[in-house]
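Scroll down for the structure; my scribbles are underneath it.
The values are calculated or read from the model by the stated rules, or taken from the named source; none is laboratory data. Please read all numbers here as calculations on a predicted model, not as lab measurements. Cβ coordinates were reconstructed from backbone atoms using ideal geometry, including for glycine residues, and neighbour counts include every protein chain displayed. Side chains included, ligands, DNA and RNA excluded: accessible areas come from the protein's heavy atoms. Shrake-Rupley method; radii C 1.70, N 1.55, O 1.52, S 1.80 Å.
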Amino acid sequence: MIKIHNSYNGLRSILVVLAVLLILFTFSCSESTSPKTGSLSGRVVLVNDTDDPSLDPVDFSGVTIALYELAVLDTTIVRITQEYPNIGVQISQETEFDHRLQNPVAVVVSDADGNYEFTKIPYGDYNLSVMKQGWGFRYLYNIEVTDSRSDNTLRFISPQGSTPQEQSSSNNHNNSRRQVTLYPETSLAQTVASSIIFKQDHVYLAPSDVTVLSDVVIEGGTVIALAEGTRIVFHGNVTYEGTGKFVRFTSHDSVDSLPSGHRVEPKLFDKAFFNGSYDYNLSNVIFEYSMNGFGVGGGSFSLSQSILRRNGAVALEASSVSGDLMNVLFVLNPHLAISSSSPIDVIKSILCGSREAITIQMADSTIKNSYFCDNRIALRFLMGEHSITNNVFDRNTYAISPCASDPYIAYNNFYNNVQDIETNRYWGGTHVFCNPTVSFNNFFSSRFYVNLFGRNSYYAGTSGSGVLQNQIYPNNYLMATDIQNHIFDANYPDSGIDYSVSFTPRFTSRVQSAGLTQ
């Protein structure tokens with residue numbers, strides 16, 4: 001007998017096997033492509049360190065804890081500080097993160113014991129903000145959420161850049177415990193007559209104008225938050241005490257709460273003004289969201305390792321006071337970064353993104369080892385004596401615009417500016433002209449190296465030739481071979497200028513000692 005196989009049963013078996021394999025494959029793909037998640041937990045403690053018993057907390061509930069993606073660092077500043085690590089300030093999550101400028105990934109609220117927990121958080125690095133109205137805020141930076149089975153010790157940067165701490169994981173999914181302490185906010189009176197210490201990790205509010213008559217100690221990690229349109233004026237001495245932790249002058253707007261809509265551009269306060277007859281020596285300051293800036297009008301001042309950003313009309317103003325700036329970063333100040341009517345030195349600093357980076361009227365200056373980029377005018381002077389050496393000018397519209405002054409301009413690198421040096425005249429009954437010394441510079445731009453016709457004088461109606469004689473600028477390297485097209489002088493077609501510029505002798509290779517020195 002011949003046995004005939006049932007082809008239908010065989011086909012059905014094959015289909016069943018294929019279906020099982022498809023299910024297994026789909027499950028495998030789903031498991032491999034779905035994001036891995038972990039949890040994050042901790043505790044908030046409210047500590048009343050004042051003499052007011054009414055501030056003793058009943059419990060630790062009602063604290064908002066929000067989780068954020070890392071702040072995006074300015075790529076231009078990162079590039080500059082990587083290439084020149086000794087200038088400006090190395091930006092980081094501590095300097096750049098502001099909960100008001102980002103939408104949170106997740107938000108929870110603490111219970112009566114202060115406990116909080118985030119669950120199902122995709123693996124990655126995050127910043128954490130802890131805030132409660134009346135109790136200020138704290139940040140934790142660079143918290144890593146990951147599977148801790150490969151390393152059960154978690155490291156994170158604690159608030160305001162203090163020493164990295166180590167915490168043990170409580171399970172295999174990064175359910176770590178982090179304790180954060182908040183202190184009562186201090187609302188400053190309109191007049192502060194007694195000596196005051198601005199304490200580390202405390203928040204001080206200025207709901208209205210504040211006049212401080214006494215001497216002041218400001219500890220690193222202090223936050224001074226001012227309401228819209230208000231100012232704080234210091235008449236006493238001000239001393240900074242800290243271990244590299246930043247003091248922050250900022251806007252009061254949503255500083256201790258989650259903004260409605262989750263993201264705001266904080267409203268500007270007026271200014272902070274140091275007006276005593278003291279030598280103010282300040283460092284590690286972040287100054288942001290003012291209209292009229294960080295002002296000094298006392299004896300003298302120095303500012304170092306600081307950041308001034310997002311200030312409206314002016315970031316720093318020095319009137320009738322000499323000043324030294326060392327390793328200061330000015331960025332995102334749309335109008336003036338520095339305005340001075342007194343002698344000022346700017347060393348190892350970075351100034352980016354302003355209409356005018358430095359404006360100095362009838363005073364002297366030393367500008368050295370600094371980097372200027374993306375400004376409309378990097379340097380503008382009215383009279384005075386100025387030494388401008390070993391700087392980099394990059395992507396500015398006008399790099400240097402002296403007006404009726406004779407600056408010494410040497411050992412600088414000029415890249416990609418529309419105009420590297422522009423001369424201006426000044427009308428003060430009679431015209432006053434420029435006669436700068438320009439030597440040992442490298443000119444790499446593709447536009448004008450020198451323009452003798454100025455358009456950036458201090459007063460209207462004074463545009464025109466900025467010099468009253470021929471100019472001789474020897475020993476410079478000029479990248480272009482067709483120099484006539486890069487010098488706006490008598491030799492430029494139809495310029496209308498009566499005077500010319502000579503670069504003889506002209507270097508054929510770049511000046512090696514020009515630019516920033518480490």
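Residues in segment 177-195 that are at pLDDT 95 or above, in a strand (DSSP E or B), open to solvent by 30 Å² or more (accessible area, probe 1.4 Å) and over 17 Å from residue 255 (Cα atoms): 191 only.
Only residues that are polar (S, T, N, Q), assigned to a loop (DSSP other than H, G, I, E, B) and touching a Lys or Arg at 6+ places or on another chain (Cβ under 8 Å) were counted across segment 214-256, and they come to 2.
Only residues that are assigned to a loop (DSSP other than H, G, I, E, B) and open to solvent by less than 40 Å² (accessible area, probe 1.4 Å) were counted across segment 465-477, and they come to 5. Scan 428, 515, 464 and give me the residue that is among the small types (Gly, Ala, Ser), on the phi > 0 side of the Ramachandran plot and over 35 Å from the mean Cα position of the chain (by Cα). Residue meeting the stated conditions: 464.
Return yes when residue 208 is open to solvent by less than 50 Å² (accessible area, probe 1.4 Å), modelled with pLDDT of 95 or more and hydroxyl-bearing (Ser, Thr, Tyr) and no when it is not. Criteria met by residue 208. In segment 479-504, of all residues being in contact with a Pro (Cβ under 9 Å, 6 or more places away or on another chain) and assigned to a loop (DSSP other than H, G, I, E, B), the one that is surrounded by the most Cβ atoms within 10 Å (Cβ to Cβ) corresponds to 503.
Taking the criterion of being part of a loop (DSSP other than H, G, I, E, B) and either closer than 28 Å to residue 86 by Cα or of a type in the set (Phe, Trp, Tyr) (or both), the residues of segment 505-518 that qualify are 509, 510, 511, 512, 513, 514, 515, 516, 517, 518. Just the residues that are on the phi > 0 side of the Ramachandran plot, surrounded by fewer than 19 Cβ atoms within 10 Å (Cβ to Cβ) and more than 28 Å from the chain's Cα centre (by Cα), please, taken from segment 108-142. Within segment 108-142, just 120 meets the criteria.
Has segment 267-279 got any residue that is assigned to a loop (DSSP other than H, G, I, E, B), of a type in the set (D, E, K, R) and buried (at least 18 other Cβ atoms within 10 Å of the Cβ)? Looking for residues that are assigned to a loop (DSSP other than H, G, I, E, B), of a type in the set (D, E, K, R) and buried (at least 18 other Cβ atoms within 10 Å of the Cβ), one finds at least one in segment 267-279, hence yes. Please indicate, with yes or no, whether at least one residue in segment 418-431 is surrounded by fewer than 24 Cβ atoms within 10 Å (Cβ to Cβ), part of a strand (DSSP E or B), of a type in the set (Phe, Trp, Tyr) and touching a His at 6+ places or on another chain (Cβ under 8 Å). No, segment 418-431 contains no residue that is surrounded by fewer than 24 Cβ atoms within 10 Å (Cβ to Cβ), part of a strand (DSSP E or B), of a type in the set (Phe, Trp, Tyr) and touching a His at 6+ places or on another chain (Cβ under 8 Å). Looking only at residues of segment 360-382 that are of a type outside the set (Ser, Thr, Tyr) and more than 17 Å from residue 417 (Cβ to Cβ), we find that the one that is surrounded by the fewest Cβ atoms within 10 Å (Cβ to Cβ) is 362.
Within segment 379-396, can one find any residue that is of a type in the set (Gly, Ala, Ser) and closer than 19 Å to residue 335 by Cβ? Checked segment 379-396: no residue is of a type in the set (Gly, Ala, Ser) and closer than 19 Å to residue 335 by Cβ.
Residue by residue, here is whether (1) open to solvent by 20 Å² or more (accessible area, probe 1.4 Å); (2) in contact (Cβ under 8 Å) with a residue 60 or more places away in the chain; (3) polar (S, T, N, Q); (4) at positive phi holds:
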position	(1), (2), (3), (4)
315	no, no, no, no
332	yes, no, no, yes
342	no, no, yes, no
346	no, no, no, no
354	no, no, yes, no
358	no, no, no, no
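With the structure loaded, tell me whether residue 199 is at pLDDT 95 or above and open to solvent by 70 Å² or more (accessible area, probe 1.4 Å) or whether it fails that test. The answer is yes for residue 199. What do you reckon, is residue 222 within 17 Å of residue 284 (Cα to Cα), open to solvent by less than 60 Å² (accessible area, probe 1.4 Å) and out of contact with any Gly (no Cβ under 9 Å at 6 or more places or on another chain)? Considered against the rule, which asks whether it is within 17 Å of residue 284 (Cα to Cα), open to solvent by less than 60 Å² (accessible area, probe 1.4 Å) and out of contact with any Gly (no Cβ under 9 Å at 6 or more places or on another chain), residue 222 comes out as no.
From the list 331, 314, the lone residue that is more than 17 Å from residue 269 (Cβ to Cβ) and not polar (S, T, N, Q) is 331. Looking across 365, 354, one residue alone is of a type outside the set (A, V, I, L, M), at pLDDT 95 or above and under 24 Å from residue 96 (Cβ atoms). It is 354. Quick check: anything in segment 99-107 over 33 Å from the mean Cα position of the chain (by Cα), open to solvent by less than 50 Å² (accessible area, probe 1.4 Å) and modelled with pLDDT under 95? Taking every residue of segment 99-107 in turn, none turns out to be over 33 Å from the mean Cα position of the chain (by Cα), open to solvent by less than 50 Å² (accessible area, probe 1.4 Å) and modelled with pLDDT under 95. Give me the residue from segment 380-405 that is in a strand (DSSP E or B) and aliphatic (A, V, I, L, M) and, out of that set, modelled with the lowest pLDDT. So, considering only residues that are in a strand (DSSP E or B) and aliphatic (A, V, I, L, M), the one modelled with the lowest pLDDT is 382. Every condition in (1) under 14 Å from residue 437 (Cα atoms); (2) surrounded by 20 or more Cβ atoms within 10 Å (Cβ to Cβ) holds for residue 406 except the one numbered (2).
Of all the residues in segment 281-327, those that are more than 15 Å from the chain's Cα centre (by Cα) and not in a strand (DSSP E or B) number 9. Might you check whether a residue that is under 30 Å from residue 341 (Cβ atoms), aliphatic (A, V, I, L, M), assigned to a loop (DSSP other than H, G, I, E, B) and touching an Asp or Glu at 6+ places or on another chain (Cβ under 8 Å) occurs anywhere in segment 447-464? Looking through segment 447-464, at least one residue is under 30 Å from residue 341 (Cβ atoms), aliphatic (A, V, I, L, M), assigned to a loop (DSSP other than H, G, I, E, B) and touching an Asp or Glu at 6+ places or on another chain (Cβ under 8 Å).
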